[in-house]
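Structure first, then comments.
The values are calculated or read from the model by the stated rules, or taken from the named source; none is laboratory data. Keep in mind the model is a prediction, meaning the values are calculated, not measured. Glycine also receives a Cβ, built like all others from the backbone with ideal geometry; neighbour counts cover every protein chain displayed. Accessible surface is based on the protein model in full, side chains and every heavy atom, while ligands, DNA and RNA are left aside. Shrake-Rupley method; radii C 1.70, N 1.55, O 1.52, S 1.80 Å.
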Amino acid sequence: MKKSRKIEISVAIGLVIAIVCSLIGFGYDCKEVRSNVVRLHILAESDCDADQNVKLLVRDALLESGAEIFSGSTSVDTASEALEKEKDKLVAIAENVLRENGFDYGVTINLEREYYTTRTYENYTLPAGEYLSLKVVLGKGEGHN
């Protein structure tokens, strides 16, 4: 076998090994993200503009209060403990936003495991997979994301 052919084969094998290692590392990173993130999932009463708009107001209020609730949380376990303790407070915050905006339906909040597709936000991307989710249902929760 010619020396140039051996070099080509060696380079090809090196590339395959590098790609496989990269994919394994990426898979591990994705698993780490999914096991260390609590997602927020809010379902609006319906798909009408008013219900969708108030859903965004509820989201903003919950995220603002979340900074206080999650301070000191270093894992999904401590975050979920904090969420369970503050669940009634979160429901009250969401209900208050609804009332201030003229809506009279209720709110339910639960921690659940849910599947999410890949989602890109302004500065980061969360890979697809199953996450612990703070699921907030406004009214009947018949709105789509």
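Here are some notes:
- Nonpolar atom fraction for region 45-145, defined as the carbon and sulfur part of the 1.4 Å probe accessible area, stands at 47 percent.
- Chain lengthening between Cys48 and Glu114 when straightened (0.36 nm per residue, less Cα-Cα): 21.3 nm
- Two-site FRET efficiency, Lys87 against Thr125, from Cβ-Cβ distance with R₀ of 30 Å, rounded to 0.05: 0.55
- Residues whose placed amide H lies under 5 Å from that of Ser133, excluding near-sequence neighbours: Arg39, Glu112, Arg113, Glu114
- Calculated P(r) tail over 21 Å for region 78-145, as whole % of Cα pairs: 40 percent
- Environment charge of Leu43, counting only residues whose C-beta is closer than 12 Å and scoring Lys/Arg +1, Asp/Glu -1: -2
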